[in-house]
Amino acid sequence: MRRRLGKGFWIASGWIGLVLAAAVLADLLPLPGYDETLVGPPQAGPSLAHPFGTDGLGRDVFSRVVYGARVSLGVGIGAVLLGLLIGAPLGLLAGYRGKATDAVIMAVNDIALAFPALVFALAVVAFAGANLRNVLIVLGVLGVPAWTRLVRGTTMAFAGREFVLAARALGVRDRRILWREIVPNVSVPAASYAFLGMAVVIVAEGSLAFLGLSVQAPTPTWGGLINEGRTIMENAPHLVLAPALVMFLTVLSFNVVGDRLRALTDVRQSGLEHVRRAAAQPLPTAPHTPGGQLLQVADLRTHFVTERGVVKAVDGVSFTLERGRTLAVVGESGSGKSMLIRSILDLLPGAGVVRGGKVYLDGDDLTGFSPKEMRQVLGTRLAAVFQDPMTALNPVRTIGTQVAEPLRVHLGLSGKRARAHAAVLLASVGIPEPERVLRRYPHQLSGGMRQRVTIAMALSCGPDVLFADEPTTALDVTVQDQVLRLIHRQRQERNMATVLVSHDLAVVAEWADEVIVMYAGKVVERGPAADLFERTRMPYTEALLQSVPRLTDPAHHRLRVITGRPPDLAALPSGCAFHPRCPYARERCVTEAPPLFQETREHLYACWYPRGTEAAVGDPVPVALGESGPADPVPVALGESGPAALGEPAAGPVPAGTDRNGSEPGGPEHNGAGSAGPDLKRPELAGPEGADNRGR
Amino acid sequence: MAGSGSAHLRPPGQAVLRAEDLVVEFPAGRGRSVRAVSGVSFDLLPGETLGIVGESGCGKSTTARALMQLPPPLSGSVRLDGVELTRLKGEALRRTRRRLQMIFQDPISSLNPRRRVRDIVAEGPRVWGVGGDRVDEILEAVGLDPDTAATRRPHEFSGGQCQRISIARALVLEPEVVICDEPVSALDVSVQAQILGLLEDLKERYRLTLVFIAHDLAVVKNVSDRILVMYLGKTCELAPGSELVERPAHPYTRALLASIPRSGLGLPPADQLISGEPPSPVTPPSGCRFRTRCPKAAPRCAQEEPEMRSLGGDRWVACHYPEVETA
Ligand SMILES: Nc1ncnc2c1ncn2[C@@H]1O[C@H](COP(=O)(O)OP(=O)(O)O)[C@@H](O)[C@H]1O
Ligand code: SF4
Ligand code: SF4
Ligand SMILES: [Mg+2]
């Protein structure tokens, strides 16, 4: 918290503290009295004895400014406290009670707000007499409606939060709820507003004083000092400048403090919103020759340089992907799935990011592209769909303009033809009445429809690869099924490749041809989907699969629990990053990070003691030597055959259904601790009709 | 008021919680109102877990809050141990609070960011003057270190740990019934498994009766004895979990099951069962609310609202043409 307030906040607070202390302790300071005349030569400029000089009567201006602070700050703080004292309870009441209470309070409040405030202030002070008390009361009362409104709004926002509901469910009385649950949350925005309000009141008091409508002479006030000095400004400019400068700095400081406090209450960035595009800085990258695949990612690394150290969000990921195939990326949240996608697309936040490794699209090295070239690639050859469709849609523009835009920009279609094409696109993603939807705004559509629109936009220029980052996580199951089916069909029709990020293993098992399992920024297992689910090697993959509830489990079936939490990416455990949570970890896992071993040419895993192999039960022997036969684990030399290993599927791009059905009879032959996977390994559950009916 | 019927309710004396014909409305602007929950009934025997599934907006959370009287339903009855909660007001209602608790979906939003975790859990005992000595025990039972909880605030904990805090807060007063509204929907699968396991442990240890709401049928099936399927504010089907999954009778239940990837239940794919999205609850279809998406819809479905009726055993369905005995 301290860090986020920034230096300005502390300087400003320091200034306010200084002025406040001077005002309070003025009598104790070794200063001449503010009304003592001829303590120095009249109208003298600043000197050591009189740092702000003297005025026409030879009074010390510094002393007068210090005493003036009493009035300015006194009125500022006093009036704000008065407004708060009256306004806050009203706002709390209106915001918490709602209904009639709210309606009455806010009606009165609106009328009060409509009052011409300054005129009112002038009139009252002129009528009731210009003294400190009256000025303070008038300015304080004038602030009440704004306080009421602010506190009511904040209260309402918190009163709707679930923790308030929970307190009511516990039987906590209203007064205690207000006091313990709501007031502490309202206090930060209120404090912020108080500082901003003090700045306003100080200026207002200054203005009144300037007009002679504040505290009367001989008591000095800042506004009054400026007014006095005005007449002899040409001979003694310091008479105006000194109080003006002090007042300016004080008002500025109140504003800075209020502003910084307000920033505290703003929502922190989630990291998922669209970020400003900036080319990431390069990490050293080994030379690499691209193979012939559509998409090739070689040793991709994305590191964030933070105060806590280097966060390796993506750390050496390699894979290849052919047309017509779907690659799924799975892992817990924070494992680097989304960052991998963003790194490939070069959609990384600008500051503090370094990227290394290579991304080839049809042989073109995208990491060497300029931001401008990348933008062109992004619209046309690569496309992305994200979890929240609203991040990709502009809320104030119609669907029609937004879908037509890429068509105009990238395909150069005229406005009219782009619109017609947009309608065709919407129809192709299963949107009923596309013409009508074109005229709508995003908020008028359901979540599923919005996601269809973003898919249509992503597909509009015929990309080679579609990246979908949790595209259905926010959607209902029936709609999720429709959207995934749509992506799948489009992939077939357009002969694209798809990269699907998901935490839902059932979705992955259903739709992916190849799977990457990520843990702490690294690939820990990778291979053809069927193979990976059938012959799971890496304990983390196994644990993930067993922790998913299955429809076929009996009621109250205990799921596998992975103890602990994903590691802190800034302070990874030694050796295998999974070792603190791994039930099979042995000494070697703590000291040495396992490389990627080959189960088959395409199925790789990073583990010293893979499940279902001899190495899992035997003594810690170097696995590469421990076993013979087809399952012989051979470390893959990264950067050479590694990235290419997935590239040529043994039987070419086999239709996924065939793929999986073919491997079904194999059944689990390892895995003492119960078979892995949500319905993934049960032959009877993936009957041919189940797969064929998917319309593949 | 043609509700979805209450034939499936068991004799009143047996149930610890019994909701009958709940109706909840919200203003929908321009003087109209949306009936978010429309004639929903169910009951729970002591120690039972009732799962409620349905797509978002079908009224699951609204039902949960109506049970808690936060806010009370427009009409209908909620009986806790025979006491009619909907008629209680103020202090009398407050006194029943201890026995009925709730766990919310969003682990972050359901904890006050400005209070320390231990204070959050100790709030109930403080208000009621009982169970203060159980705070540490319950914190340990949900897998949190009491010393850490005494000094930290919620934002210093992960989503899964925050959900543990919520569970501790709900259980510290030893309630009879706990309503869990999507308690694992915001969590990763690994954390979800932890929380589901924890709920089962605590259920045994404290002999709880649970209402477990979720949109994920596999999750609901894992923890529930019986499952209630909801659609657009109505009940569709009620059956023990395994029966519901193996022999779904309501067309909507069948569609839900068919949309689950790899459910492999021999159902036709979901898009042959249903298409499109739920209609607006402001203007629900006449008769059966599911008829605009139902593959079996017939003229009768538009005119006559189906009521819950028995299919034998503990299976109940609200449909004129249920699918019987397919498997
Ligand atoms: N405070 C509210 N004001 C107006 N409408 C609401 C409010 N809360 C819920 N609704 C509406 O009630 C219906 C049911 O919502 P909800 O109970 O949250 O469903 P679920 O929990 O099943 O997702 C939805 O149509 C929703 O828009
Ligand atoms: S290398 Fe060791 S710690 Fe890591 S997954 Fe394998 S057995 Fe577990
Ligand atoms: S009552 Fe009719 S419309 Fe409703 S679910 Fe049954 S068959 Fe379908
Ligand atoms: Mg809900």
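Read the figures in this text as sums done on the coordinates, not as results from a lab. Every value quoted in this text rests on a predicted model; they were computed, and no experiment measured them. So basically every Cβ, Gly included, is an ideal-geometry build from the backbone, and we count neighbours across all protein chains shown.
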Item to check | Furthest towards positive pole of dipole, A:424, A:391, A:456, structure part segment A:386-462, Cβ charges | outcome: A:424
Next on the checklist: Spelling out what I want: for every residue of segment B:42-58, take phi, set θ = phi - 60°, compute 6.51 cos²θ - 1.76 cosθ + 1.60 (Karplus), and round to whole Hz; glycine and proline get x.
Outcome noted: 6, 9, 10, 7, x, x, 8, 10, 9, x, 10, 10, x, 6, 5, x, 7
Item to check | Shielding score for B:275-281, defined as the mean number of other chain Cβ atoms within 10 Å | outcome: 4
Checklist entry - What average count of beta carbons from other chains do you get within 10 Å of the Cβ of residues in A:495-507? => result 2
Next on the checklist: Using Cβ counts within 10 Å as a stand-in for footprinting exposure, how do A:225, A:85, B:198, B:210 rank, fewest first?
Outcome noted: A:85, B:198, B:210, A:225
Item to check | Shielding of B:183-190 by partner chains, average beta-carbon count, 10 Å | outcome: 6
Checklist outcome for this item: Among B:129, B:76, B:51, the residue with the largest mean-square fluctuation in a Gaussian network model of chain B built from Cα contacts under 10 Å is B:129
Checklist entry - Which peptide among A:7-14, A:66-73 comes first, and what is the full order, when sorted by highest mean count of other Cβ atoms within 10 Å? => result A:66-73, A:7-14
Checklist entry - Hey, how many Å between the Cα centroid of segment A:304-342 and the Cα centroid of segment B:258-327? => result 41 Å
Checklist entry - Which of the lysines could a cross-linker bridge to residue B:221, judged by Cα under 18 Å and excluding same-chain residues fewer than eight apart? => result B:60, B:203
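Helix-only estimate, please: 222 nm mean residue ellipticity of chain B, summing -39500 (n - 2.57) across DSSP H runs of length 4 or more and dividing by its residues, to the nearest 500.
-8500 deg cm²/dmol
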Checklist entry - Setting aside same-chain residues fewer than 8 positions from residue B:296, which aspartates and glutamates have a Cα under 13 Å from its Cα? => result B:323
Checklist entry - How large is ³J(HN,Hα), in whole Hz, for each residue of segment B:99-112 in order, when computed from phi with the Karplus curve 6.51 cos²θ - 1.76 cosθ + 1.60 and θ = phi - 60°, using x for Gly and Pro? => result 8, 10, 10, 9, 10, 9, 6, 8, x, 7, 5, 8, 10, 5
Checklist entry - What does the highest-first list of B:269-280, A:145-156 look like by mean Cβ count within 10 Å? => result A:145-156, B:269-280
Next on the checklist: Given a 10 angstrom Cα cut-off, can you work out which residue in B:164, B:114, B:254 is the most mobile in a GNM of chain B?
Outcome noted: B:114
Item to check | Inter-part distance where segment B:90-163 and segment B:15-74 are each reduced to a Cα centre, Å | outcome: 25 Å
Checklist outcome for this item: For residue A:522, the aspartates and glutamates lying under 16 Å Cα to Cα, once residues fewer than eight places off in the same chain are dropped, come out as A:299, A:315, A:332, A:568, A:592
Checklist entry - Going by how many other beta carbons lie within 10 Å of each one, how would you line up A:496, A:233, B:102, fewest first? => result A:233, A:496, B:102
Item to check | Between segment A:76-130 and segment B:203-256, the Cα center-to-center distance that results, in Å | outcome: 53 Å
Item to check | Burial ordering of A:181, A:205, A:405, fewest other beta-carbon atoms within 10 Å first | outcome: A:405, A:181, A:205
Checklist outcome for this item: Counting only DSSP beta bridges with both partners in the protein assembly as shown, the antiparallel fraction in percent, to the nearest 5, comes to 60 percent
Next on the checklist: Quick check on packing: order A:296-305, A:509-518 by the mean number of other C-beta atoms within 10 Å, highest mean leading.
Outcome noted: A:509-518, A:296-305
